[in-house]
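To start, the structure under review is shown below, and the notes come after it.
Any read-out appearing in this document is the output of simple, stated calculations on the displayed coordinates, not a laboratory observation. Computed from a predicted structure; not experimentally measured. Cβ sites come from the backbone with ideal geometry, for glycine too, and all protein chains shown count toward neighbours.
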Amino acid sequence: MTSQTRAEPRQVHPAPTLFWILHRDANAITCQLNARDDRSYGICIMPHWHPSSAVIERFESATLALLRHAALAKRLRNKGWIVIDRVVRRGLHATAQSGCGTCSVTQWPI
């Protein structure tokens, strides 16, 4: 007699790998790169004055995600935003239970 077990869907937890907080006037924005358990990556942009408008872009490649993070950060800096804090974690596939949980999947308009 054999028994069958149903595989539970695998949960994917984003691990914040790189994030910058930028400030301009009285506003702040977080630009965060998340590595996910499924070997994909997300760039989360969250305006602190309106967290529900946070967005995330997904990438299959770490290189493309890092390039996009750099391009977004550069564009923000060119528009007068100043980096006030940044964190870089080693290893793009560290697992964590946290991340940018308020993000919706879309593309940041800048």
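Any chance you could run the full-extension gain for His50 through Ala26? It's 0.36 nm times the residue separation minus the Cα-Cα distance, nm to one decimal.
Length gained, His50 through Ala26: 7.4 nm.
Fully extended, how many nm does the chain gain between Asp85 and Asp37 (0.36 nm per residue separation, minus their Cα-Cα distance)?
14.7 nm
For Arg75 and Ser61 in the same chain, what is the full-extension length gain: residue separation times 0.36 nm, less their Cα-Cα distance, in nm?
Gain on extension, Arg75 to Ser61, equals 2.9 nm.
By per-residue mean of other Cβ atoms within 10 Å, what is the highest-first order of 47-53, 17-23?
17-23, 47-53
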